[in-house]
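Input: a single structure, listed below in structure tokens.
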Amino acid sequence: MVRPVYSEPGDRIESTRPVTVSRYRGFIRANHWVTALSLILLLLSGLAFFHPSLYFLTGLFGGGQTARWLHPIIGVVLFVSFMVMFIQLWRLNLPTPDDKAWLNQIGDVVKGNEENLPELGKYNAGQKFIFWGMTLLIVVLIVSGIMIWEQFFGELVSIPTRRWAVLTHALAAVAIILVFILHVYAAFWTRGTLRAMTRGTVTGGWAYRHHRKWLRELAGRRQNGPAE
Amino acid sequence: MSETAPQPKTAASNPPVQPIASNLLPSDVVRISATKDVPQPDRQLTKVAKLIDVSKCIGCKACQSACIEWNDTKPEVETNVGVYENPHDLTPNMFTLMRFTEWVNPETDNLEWLIRKDGCMHCEDPGCLKACPAPGAIVQYSNGIVDFIHENCIGCGYCVTGCPFDIPRISKVDHKSYKCTLCSDRVAVGQGPACAKACPTQAIVFGTKEDMIAHANERVEDLKSRGYENAGIYDPAGVGGTHVFYVLHHADKPSIYEKLPDDPRISPVVEGWKGVTKTAGLAVMGVAAVGAAIHGIFARANKVDEHEEKEAEKLVSSGGSDDRGAV
Ligand code: HEM
Ligand code: SF4
Ligand code: SF4
Ligand code: SF4
């Protein structure tokens with residue numbers, strides 16, 4: 001069997017009238033929500049240490065000591081679950097020539113004039129940016145986070161290194177929060193996207209509008225016999 | 001409780017027998033970690049200081065014992081590995097430590113045994129307090145004492161990151177940070193620090209900062225008259241001066257005294273982390289979050305229309321080819 005170019009082997013057209021397309025299966029959705037929940041908990045606990053005006057957020061975790069203890073542990077959960085997701089998603093997030101055309105017409109993207117944009121595979125350049133941005137920042141956060149993890153790694157790095165690590169961690173945290181806001185915003189603004197992560201399917205129209213090459217490939221695969 | 005304690009001017013006096021009320025009050029605090037706009041006290045306590053005259057120290061560690069005794073800490077018994085330091089480093093249970101250096105003076109070719117009492121310097125500009133994220137975990141009193149308030153400490157270790165002298169230590173037992181208190185609980189009742197009181201050679205003395213500077217100057221004069229021409233005071237200006245300070249016989253090279261920093265200051269990395277990173281970071285995150293929310297509510301959403309659903313059906317039933325051709 002030839003590996004599909006624009007889709008995952010498991011992606012398929014579930015029904016034809018109306019068209020619904022399976023985009024994510026159960027495991028990856030469950031794992032995505034583990035990642036999402038950990039990121040939110042990390043953001044809330046981390047921000048509590050970040051600025052005195054947000055210190056009250058430690059109350060959500062049962063106080064400063066527990067928030068301090070929990071934050072890096074959730075960080076490890078985030079890292080593991082994201083790495084699993086990374087293995088599943090990286091291939092279709094590699095850049096393609098279409099991404100350049102898409103980025104050149106970013107004005108049409110923002111205005112929602114999708115008819116002017118090139119046909120795309122499973123991910124557009126914005127989604128790929130979020131994917132690679134998250135990847136890079138999570139790696140930076142886990143590395144710098146371990147260097148400042150007093151409870152278990154207090155002796156790991158020298159104090160001058162630790163100063164750079166905590167600064168890096170704080171800057172990377174701000175950056176990942178911005179990427180996270182963009183991610184959530186885009187998922188809401190592009191109506192019909194959220195169900196990909198709740199029910200696992202999207203409508204044919206959604207796939208046709210935003211990821212036509214992906215849909216086209218799935219349709220072709222369906223006609224030439226099931227890929228399974 | 002009849003009387004309030006006087007401000008102590010020496011460590012030598014003995015305590016009165018009758019109970020006296022504390023004279024180092026929560027209202028005497030001038031800085032509090034992670035707290036802006038601390039109400040300034042109506043009274044200013046006399047600035048105090050502990051002077052450590054390195055040239056007089058005989059390395060007996062009576063101060064270490066007195067500190068353990070007074071603070072009721074129980075440093076672990078360690079193995080002798082052939083060095084004089086005991087324990088090997090400051091710990092959550094050992095707030096002060098004699099550090100020993102065998103230094104060959106290149107000018108005289110003499111071996112000099114340098115002994116420095118290490119511990120919190122009680123900086124006028126304390127890096128630990130600036131770095132601490134927990135409101136009220138570190139305070140500075142108007143007499144200059146920097147004190148850790150353990151019930152507010154969360155054990156994050158940021159004070160370790162912030163301190164230019166590598167002083168605070170986080171306990172593995174209760175996950176709170178510990179260091180020398182300058183015996184704030186003794187000073188509060190008119191007594192000087194336990195270590196100063198125990199010192200048999202008066203290498204450690206305590207009093208008002210003014211008196212201690214005057215005394216230190218006399219000591220420097222004396223050392224100079226005896227051939228230590230670089231003798232001087234170590235009261236580093238980079239941290240605004242300190243309330244524990246040294247007389248050094250080689251004040252031109254502090255780092256020979258077991259890495260005493262030559263020119264300590266709060267690291268610019270720490271200043272940048274706690275300064276512009278926080279204000280700018282909070283601002284961009286706030287703008288992004290509010291902007292996204294407002295835009296999400298008011299902007300035209302990117303919606304799929306009926307026509308596109310129909311086109312999808314056509315595309316799927318044609319097996320992926322349409323007017324634009326197959327993939
Ligand atoms: C990936 C693994 C991560 C690890 C191991 C980790 C570890 C840590 C540690 C040890 C601290 C110091 C406080 C404490 O001891 O609890 C900290 C602070 C912080 N973390 Fe993380 N973290 C991770 C991920 C994240 C993520 C994803 C975010 C953002 C969403 C984040 C945001 C923050 C923030 C804002 C601070 C406060 C920094 C400051 O005080 O300036 N962390 N982290
Ligand atoms: S020496 Fe370190 S712990 Fe002591 S006051 Fe200065 S910064 Fe804080
Ligand atoms: S360990 Fe305690 S005292 Fe040190 S910075 Fe953290 S909360 Fe403050
Ligand atoms: S001032 Fe008190 S706490 Fe500090 S070293 Fe001396 S005895 Fe110990």
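The values are calculated or read from the model by the stated rules, or taken from the named source; none is laboratory data. Just so you know, these numbers come straight off a predicted model, no measurement behind them. Cβ placement follows ideal geometry from the backbone for every residue including glycine, while neighbour counts extend to all protein chains displayed.
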Give just the number: which of (1) facing another protein chain (nearest Cβ under 7 Å); (2) within 21 Å of the chain's Cα centre (by Cα); (3) assigned to a helix (DSSP H, G or I) does residue A:184 not satisfy?
(1)
If residue B:265 passes every condition in (1) surrounded by 15 or more Cβ atoms within 10 Å (Cβ to Cβ); (2) closer than 30 Å to residue A:190 by Cβ but one, which one does it miss?
(2)
When residues of the range A:131-146 are limited to those that are β-branched (Val, Ile, Thr) and crowded, with 19+ Cβ neighbours inside 10 Å, the one farthest from ligand 1 (Cβ to nearest atom)
A:138
Taking the range B:275-300 and keeping residues over 21 Å from residue A:179 (Cβ atoms) and at the interface with chain A (Cβ under 9 Å from one of its Cβ atoms) leaves B:300
Odd one out for residue A:121, checked against (1) surrounded by 18 or more Cβ atoms within 10 Å (Cβ to Cβ); (2) in a helix (DSSP H, G or I)
(2)
Of everything in the range B:174-204, what is within 12 Å of another protein chain (Cβ to nearest Cβ) and either within 15 Å of ligand 4 (Cβ to nearest atom) or closer than 19 Å to residue B:88 by Cα (or both)? Give them in sequence order.
B:177
For the range B:128-151: of the residues being more than 11 Å from ligand 2 (Cβ to nearest atom) and without any contact (Cβ under 8 Å) to a residue 60 or more places away in the chain, which is surrounded by the most Cβ atoms within 10 Å (Cβ to Cβ)?
B:149
If you go through the range A:98-125 one residue at a time, how many are in contact with a Phe, Trp or Tyr (Cβ under 8 Å, 6 or more places away or on another chain) and basic (Lys, Arg)?
1
Which listed residue, of B:13, B:33, B:2, is more than 30 Å from residue B:223 (Cα to Cα) and modelled with pLDDT under 95:
B:2
(1) of a type in the set (Phe, Trp, Tyr); (2) within 26 Å of residue A:204 (Cα to Cα); (3) in a helix (DSSP H, G or I) all hold for residue A:69 apart from (2)
Exactly one of A:133, A:126 is of a type in the set (Gly, Ala, Ser) and either within 16 Å of ligand 3 (Cβ to nearest atom) or farther than 27 Å from residue B:273 by Cβ (or both), and that one is A:126
Here the residues within the range A:71-106 that are away from every other protein chain (no Cβ under 11 Å) and more than 30 Å from residue A:120 (Cα to Cα) are A:73, A:74, A:75, A:76, A:77
Just checking, does the range B:276-298 include any residue being within 16 Å of ligand 2 (Cβ to nearest atom) and hydrophobic (A, V, I, L, M, F, W, C)?
no
Scan of the range A:2-17 for residues that are assigned to a strand (DSSP E or B) and closer than 9 Å to residue A:218 by Cα, ordered by number:
A:12, A:13
I'd like to know if the range B:178-195 contains one or more residues that are within 14 Å of the chain's Cα centre (by Cα), more than 7 Å from ligand 3 (Cβ to nearest atom) and closer than 21 Å to residue A:68 by Cβ.
yes
On the basis of being under 30 Å from residue A:14 (Cβ atoms), surrounded by 12 or more Cβ atoms within 10 Å (Cβ to Cβ) and more than 16 Å from ligand 1 (Cβ to nearest atom), does residue B:313 make the cut?
yes
Can you confirm whether the range A:136-150 contains a residue that is modelled with pLDDT of 95 or more and within 8 Å of chain B (Cβ to nearest Cβ)?
yes
Of the residues in the range B:193-218, those that are closer than 19 Å to residue B:70 by Cα and in a helix (DSSP H, G or I) come to B:194, B:195, B:196, B:197, B:198
So, in the range A:165-177, of the ones that are crowded, with 19+ Cβ neighbours inside 10 Å and at the interface with chain B (Cβ under 7 Å from one of its Cβ atoms), which residue ends up nearest to residue A:135 (Cα to Cα)?
A:177
Across the range B:102-141, what is the number of residues that are more than 18 Å from residue B:48 (Cα to Cα), away from ligand 1 (no atom under 16 Å from the Cβ) and either within 14 Å of another protein chain (Cβ to nearest Cβ) or in contact with a His (Cβ under 7 Å, 6 or more places away or on another chain) (or both)?
1
How many residues, within the range A:152-164, are more than 7 Å from chain B (Cβ to nearest Cβ) and buried (at least 20 other Cβ atoms within 10 Å of the Cβ)?
0
